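Following: one structure in structure tokens, then a few remarks.
The values are calculated or read from the model by the stated rules, or taken from the named source; none is laboratory data. Only a predicted model underlies this, so the values are computations on that prediction, with no experimental measurement involved. So basically every Cβ, Gly included, is an ideal-geometry build from the backbone, and we count neighbours across all protein chains shown.
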Amino acid sequence: MKRLCVFLACLVFVGINLVQAQTVRITGTVKSSEDGMPIPGVSVIVKGTTTGAATNIDGVYELNVAANAQTLVFSSVGFKAQEVEIGGRSIIDITLESESLQVEELVVTALGIKRSEKSLPYVSQEVKSEELNITSDANIKNAIVGKVAGVQIVGQAGSKLGESGRIRIRGAVSMTADGDPLYVLDGVPVSDPNIIDMENVASVNVLKGPNATALYGQRAEFGVVMITSKKATKGGITVEVNNNTTFDKVAYLPNYQNKYGQGYWGQDEWTTLNFAAGAPTSPTGPGIYPYPAEWSVFDGEKYIWNAYADESWGPEFDGSDYIPWYAIWEDSPYFGQTAKWKAQPNNIKNFFDVGVTLKNTVTIYGSGENYNARVSYTNLNQTGTLPYTYLKKHLISSSVSYKATDKLTIDGNINYTNQLVNGDFDDTYSNQTTGSFNAWFARDVDMSKLRELKDMKTKNGFHASWNHWGMGRIARRGSILNYGYEKPAFWYNSYFWMDNFVNKVYQNRFVGDLKATYKINEKFSAEAGMSSSVSTRRTRFELPYIISNSSSPELYNTWNNGFGNHKSTSKENNYNARFQFKDKFGDFDVTTFIGSNFRVNEYDDFTANMAQGSKTQGLVLPDVYTYSNTKTPVTPTTSFWQKKVFSLYGNGSVGWKSMAFLDLSYRKDWSSALPAAKNGYGYPSVGTSFIFSELISDKSILSFGKIRAGWAQVGNDLAALDINPTYPLSASPYLGNPQMYTQNRQVDPNIKPALNTSVEAGFDVNFLNNRVGLNFTYFSETRKDEIIPITISSATGFTSYLTNAGEAKRTGIEITITGTPVKKKNVIWDATLNYGKSNPTIESLPQGLKSMAAPGGSDDWAFIATIHELGAKWGQLRGTAVKKDENGNKVVNPDGTYVIETGQYLGSILPDFTGGLINSVTLYDMVTISAAIDFQKGGKFFSLSEMWGEYTGILKETAADNDKGNSVRDAVADGGGVHVKGVLEDGTPFDGYCEGYDYFTQFNANVIASQFIHNATYVKLRDVSVSFNVPKKWLKSTFISTASVGFVGRNLWLMYVAKDNKHGWDPSEMSQSWGENAQLPGTRSFGFNVKLTF
């Protein structure tokens, strides 16, 4: 046995030596030729084998190679691959030369075609996932802002769950529409880009203007956003797990006053409860009506007479005892108690919850010899800052590529989302949250009591609100009008409303495509495929009896027990084929393709909603939500349409010595929405570029230089039913019979698409081995033959005529500066600055008009309207303004109120310029700090909330001190009032004081908008992240391949707004393009990310 053991030991020893004799250990360091710094992560592979290693943080590698190995291959992203002969050496140090990613990199262009960026005759700005996904934002639109020149966000408040807003590219030019661009995911048009989770997005490329979008024809009038998803990388199976957790808080609110409380009459609101005398008919009148017996506990205490007042022109806060709203009902734990008359400075802020967003993503990907596949699942759970609101979303993304033969490759993608949003997110005038808080509220309301007592009942079982009709009126009116004076006068407890009003939105989206590519030979290839996009949306509201029973239609507050349903389905199928030729003829490279596309769109809609504020409608049996249970019949409305577009397109690109390039393209669309005799229109483009840096041998200073120019045309299309009108049914039957309406619009039989013609030119230059880059673009675009409805005489049988008329134009510039200010061994700092300026103007209008309605409409009280003014910038706000003389002085009346002028233009809603700054600093290849700032200059917005907030006395300025040190609410005779300077109508200078109440209520009385028009300039710190990559050596003994943890923040700091934006509204989050009616607040988010791969 011992001999056997000795023999085996000798055999192992000899074997080990034989193995060692057959391998060679090689080490070395890889450095950059630019700065001599070590390069981490360089792949070092023995040529023709899978044997390899990677350099560490110091650029050092080591590996064992076979004794007969001949060559090592060194490669790394951003550097030219290099092959090195081993030649018997055991130490091999090399330097790698940088290659410009910005020059050589392929980018995804129109129709999903990948092209070398240097050959493009138009500007292309691609944003990689590292810059795009700084904070794992669930909204791709927000993630783009500030990272692409010429892109503006028209966003929505973060508290409005499920809403993503829209973006404008290069301002606006259509006179009748202000829409989102076309979003294309992996070559497939999608209605919502958020069908894919940000963790699965590889890059976004924004195509701006007809020069870049002509191949998309009619669909590209607002630009195109190309989204490319991540694909499987080479290697075995990899599992990736991501967790993102954020906490959301309200970011901004108006500035409220904290000096005066509820009421209309100041100190005269106080009424002393004399139980024996009874309730008076006025605060100081004699007692007449007996108080309820249980209110004897309040004898001698005071209360607000006009408790129904949803305004704060009441008594000044003095800390005295009074009877609060929540103490008068026996259902309250505070019954019979008094409270201190004091302000609640944070009551609105305290209404909102801390929202929590949990996003978990699991991704599995891998590849084999002839395939690669990737599948990902994301679960998103979000509780909102608005109480009782939430969002639940599931996302599935998958992609597969299979090389069936050497010539045939089949690719497929599937993306699916399922989403539920629950809660009332109404942000129009008089909604039950901000519609009250910012416009009609009392500064003494204790929000903690509202939260605690949301289900409290009155004596007769109705909902108890802070906004009841007052103790005096309750005593006087008693059971009159079904105890209506116990009920909420105007407003419910907001917690009660949010908890009981049901509003749910269900959405399902599916996008799938299948494509086959056949390589005929080295020159020719063919491609065919189809895609399908289906979106369904279902909404349901239920207004329960517990709400309607506490309304008082006989007085003011009208709500009826009811419900409603809305269902819609949108489908789009595309069938396409493309044939491509690519060859080289001496110094010339030629690439050309021709293709066709057949698109079918369908839309199906059903709506059956009961009115919510009707005195006659309701449910016979409370809370039995069936249409057979309604008091009056509900007439549903339906809509269905189908639209087909057939397209042929082609493109040819010729390059000479990889230096000069010429591009030609043409697309023609035939649309079923256009007149049959004239339903086909073509859109050409031509562009050229010249890389002048190829003429320079020494590139140590100028690394790359290109000039480019192009001309293109693109149009739009009619809606499916514009020339095929329907005859709708009325929602209100007449004598039990349905009513049908005829169409009142006549359509021009020669109508055609509007046409955009664009000229674009610019240059791209890089310096100092591509450490610094500059891209400049100038564009000029004219839109003619806009499709506009013109008013005609009703004697014709119609009221409008849809035809081609009008012209608009936009010119502008875009600048992008990239740089790496610091590039050291342990520190790399990258920065990108974007700037875009656009000036759209209205050049002509039909029939000699001086103005016409613009997209956007008006506010809920018609203070302003969005109007196109001939010769002016696109989208002017028009309304009543304070009159000014030729020197700019305000014209005032003798009492200090303003003289007005109606129909005044108050500025464009479009900014003068937009931009952004992105910074990323990497330390020791382990810690990355990233921050994104975006900004805009100019533009105007209107705030209806401010108008009502001043009218009702809840905003800070209504309780300020004047220049004499006295409250503006004090009588002018006592040194109070608002200091007003101006001139009288006869030109006489005026320097005096206006009674505070008169001053702040005049704007509503005279519908003055100019006081609440503000400059939309802002600078915003949108995204910040700090991430830490765990060193791989720490993970050697685990099953984890890589690990990282990060801390993120979104909307952290509104760094600057214009001085006249005194309440700090965020201009990038306005609920409407012109401003806001009753804006929900934006949110500020903090959180962390964890990412693991196995």
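So which residues in segment 1060-1078 are of a type in the set (S, T, N, Q) and in contact with a helix residue (DSSP H, G or I) (Cβ under 6 Å, 6 or more places away or on another chain), if there are any at all?
Asn1077
Identify all residues within segment 47-85 that are without any contact (Cβ under 8 Å) to a residue 40 or more places away in the chain, touching a Ser or Thr at 6+ places or on another chain (Cβ under 7 Å) and not in a strand (DSSP E or B); write none if there are none.
Answer for segment 47-85, where residues must be without any contact (Cβ under 8 Å) to a residue 40 or more places away in the chain, touching a Ser or Thr at 6+ places or on another chain (Cβ under 7 Å) and not in a strand (DSSP E or B): Lys47, Gly59, Gly78.
Asp604 - would you say it is among the acidic types (Asp, Glu) and closer than 30 Å to Ser671 by Cβ?
In short, yes.
Can you name every residue in segment 151-166 that is basic (Lys, Arg) and in a loop (DSSP other than H, G, I, E, B)?
Selection gives Lys160 alone.
Go through segment 670-685 and report how many residues are assigned to a strand (DSSP E or B), touching a residue at least 40 places away in the same chain (Cβ under 8 Å) and more than 13 Å from Asp722 (Cα to Cα).
Total meeting the criteria: 4.
Please go through (1) at pLDDT 85 or above; (2) loosely packed, with under 11 Cβ neighbours inside 10 Å for Thr29 and return the number of the only condition it doesn't satisfy.
Going through (1) at pLDDT 85 or above; (2) loosely packed, with under 11 Cβ neighbours inside 10 Å one by one, Thr29 breaks only (2).
Is at least one residue of segment 937-953 at pLDDT below 95 and among the charged types (D, E, K, R)?
no
Only residues in segment 294-323 that are farther than 14 Å from Asn467 by Cβ count as the first member; pair them with residues that are assigned to a loop (DSSP other than H, G, I, E, B) and of a type in the set (Lys, Arg), Cβ under 7 angstrom, at least 6 apart or cross-chain, and list the lot.
Cβ pairs passing all conditions: Glu316/Lys259; Phe317/Lys259; Phe317/Lys342; Gly319/Lys342.
Within segment 651-665, is there a residue that is among the acidic types (Asp, Glu) and under 27 Å from Tyr603 (Cα atoms)?
No, that holds for no residue.
Looking only at strands (runs of 3 or more DSSP E) that lie completely in segment 855-945, which have at least 2 residues being among the β-branched types (Val, Ile, Thr) and more than 30 Å from Thr988 (Cβ to Cβ)?
864-869, 913-923, 927-937
Considering every residue within segment 264-277, establish whether at least one is in a loop (DSSP other than H, G, I, E, B) and closer than 18 Å to Ala339 by Cβ.
Within segment 264-277, one or more residues are in a loop (DSSP other than H, G, I, E, B) and closer than 18 Å to Ala339 by Cβ.
Have a look at Pro821, Pro846 and point out the one that is surrounded by fewer than 20 Cβ atoms within 10 Å (Cβ to Cβ) and free of Cβ contacts under 8 Å to residues at least 24 places away in the same chain.
Pro821
Got at least one residue in segment 538-556 being closer than 22 Å to Leu185 by Cα and at pLDDT 95 or above?
No; the residues of segment 538-556 include none that is closer than 22 Å to Leu185 by Cα and at pLDDT 95 or above.
If a residue has to be in contact (Cβ under 8 Å) with a residue 60 or more places away in the chain and either within 28 Å of Lys584 (Cβ to Cβ) or in a loop (DSSP other than H, G, I, E, B) (or both) to count, how many in segment 498-521 make the cut?
Looking only at that region, the number is 7.
If you scan segment 564-591, which residues turn out to be closer than 30 Å to Thr632 by Cα and over 27 Å from the mean Cα position of the chain (by Cα)?
Gly564
Quick one: in segment 280-331, which of the residues that are among the small types (Gly, Ala, Ser), in a loop (DSSP other than H, G, I, E, B) and surrounded by 17 or more Cβ atoms within 10 Å (Cβ to Cβ) is modelled with the lowest pLDDT?
The extreme case among them is Gly287.
If we scan segment 472-484, do we find a residue that is within 24 Å of Asn255 (Cα to Cα) and touching a residue at least 40 places away in the same chain (Cβ under 8 Å)?
No: segment 472-484 contains no residue that is within 24 Å of Asn255 (Cα to Cα) and touching a residue at least 40 places away in the same chain (Cβ under 8 Å).
What are the pairs, 6+ residues apart or on separate chains, where a residue within segment 612-641 that is of a type in the set (Lys, Arg) has its Cβ under 8 Å from a residue that is surrounded by 13 or more Cβ atoms within 10 Å (Cβ to Cβ)?
That search, which allows pairs on different chains as well, returns Lys615/Pro553; Lys615/Thr558; Lys615/Asn560; Lys631/Gln617; Lys631/Gly618; Lys631/Leu619.
Within the bounds of segment 880-889, is there any residue that is acidic (Asp, Glu) and surrounded by 15 or more Cβ atoms within 10 Å (Cβ to Cβ)?
There is no residue in segment 880-889 that is acidic (Asp, Glu) and surrounded by 15 or more Cβ atoms within 10 Å (Cβ to Cβ).
Name the one entry in Leu120, Leu111, Leu182 that is over 17 Å from the mean Cα position of the chain (by Cα) and surrounded by fewer than 22 Cβ atoms within 10 Å (Cβ to Cβ).
Leu111
Results for (1) in contact with a helix residue (DSSP H, G or I) (Cβ under 6 Å, 6 or more places away or on another chain); (2) in the same structural domain as Ser312 (by TED's automatic domain parsing); (3) surrounded by 19 or more Cβ atoms within 10 Å (Cβ to Cβ), shown as yes or no for each residue.
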{"site": "Ile348", "(1), (2), (3)": "yes, no, yes"}
{"site": "Thr361", "(1), (2), (3)": "yes, no, yes"}
{"site": "Gly384", "(1), (2), (3)": "no, no, yes"}
{"site": "Tyr388", "(1), (2), (3)": "yes, no, no"}
{"site": "His394", "(1), (2), (3)": "no, no, no"}
{"site": "Tyr402", "(1), (2), (3)": "no, no, no"}
{"site": "Thr405", "(1), (2), (3)": "no, no, no"}
{"site": "Thr433", "(1), (2), (3)": "yes, yes, yes"}
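Would segment 983-991 turn up any residue that is touching a residue at least 12 places away in the same chain (Cβ under 8 Å), among the aromatic types (Phe, Trp, Tyr) and either farther than 30 Å from Trp1074 by Cα or exposed (fewer than 13 other Cβ atoms within 10 Å of the Cβ) (or both)?
yes
Condition test on Asp934, is it crowded, with 23+ Cβ neighbours inside 10 Å and within 26 Å of the chain's Cα centre (by Cα)?
Yes: the conditions hold for Asp934.
Which numbered condition in (1) at pLDDT below 90; (2) among the hydrophobic types (A, V, I, L, M, F, W, C); (3) surrounded by fewer than 16 Cβ atoms within 10 Å (Cβ to Cβ) is the only one that Trp670 fails?
Here Trp670 meets the rest and fails (1).
Pick out the one residue from Gly896, Gly903, Gly836 that is more than 24 Å from Lys784 (Cα to Cα) and in contact (Cβ under 8 Å) with a residue 40 or more places away in the chain.
Testing whether each residue is more than 24 Å from Lys784 (Cα to Cα) and in contact (Cβ under 8 Å) with a residue 40 or more places away in the chain leaves just Gly896.
Looking at (1) closer than 19 Å to Ser124 by Cβ; (2) of a type outside the set (D, E, K, R); (3) not in a strand (DSSP E or B), which one does Val714 not meet, given that it meets all the others?
Against the list (1) closer than 19 Å to Ser124 by Cβ; (2) of a type outside the set (D, E, K, R); (3) not in a strand (DSSP E or B), Val714 comes up short only on (3).
Across segment 1047-1073, what is the total count of residues that are out of contact with any Lys or Arg (no Cβ under 8 Å at 6 or more places or on another chain), of a type in the set (A, V, I, L, M, F, W, C) and buried (at least 22 other Cβ atoms within 10 Å of the Cβ)?
3
Confirm whether Lys231 is surrounded by fewer than 21 Cβ atoms within 10 Å (Cβ to Cβ) and in contact with a helix residue (DSSP H, G or I) (Cβ under 6 Å, 6 or more places away or on another chain).
For Lys231, the condition - surrounded by fewer than 21 Cβ atoms within 10 Å (Cβ to Cβ) and in contact with a helix residue (DSSP H, G or I) (Cβ under 6 Å, 6 or more places away or on another chain) - is not met.
Any residue in segment 1046-1075 that is farther than 19 Å from Gly875 by Cβ sitting within a Cβ distance under 7 Å of a residue that is assigned to a loop (DSSP other than H, G, I, E, B) and of a type in the set (Gly, Ala, Ser)? List the pairs, counting only those 6 or more apart or interchain.
Val1048/Ser136; Asn1051/Gly158; Asn1051/Ala251; Asn1051/Gly1082; Leu1054/Gly1064; Val1057/Gly1064; Asp1066/Gly1082
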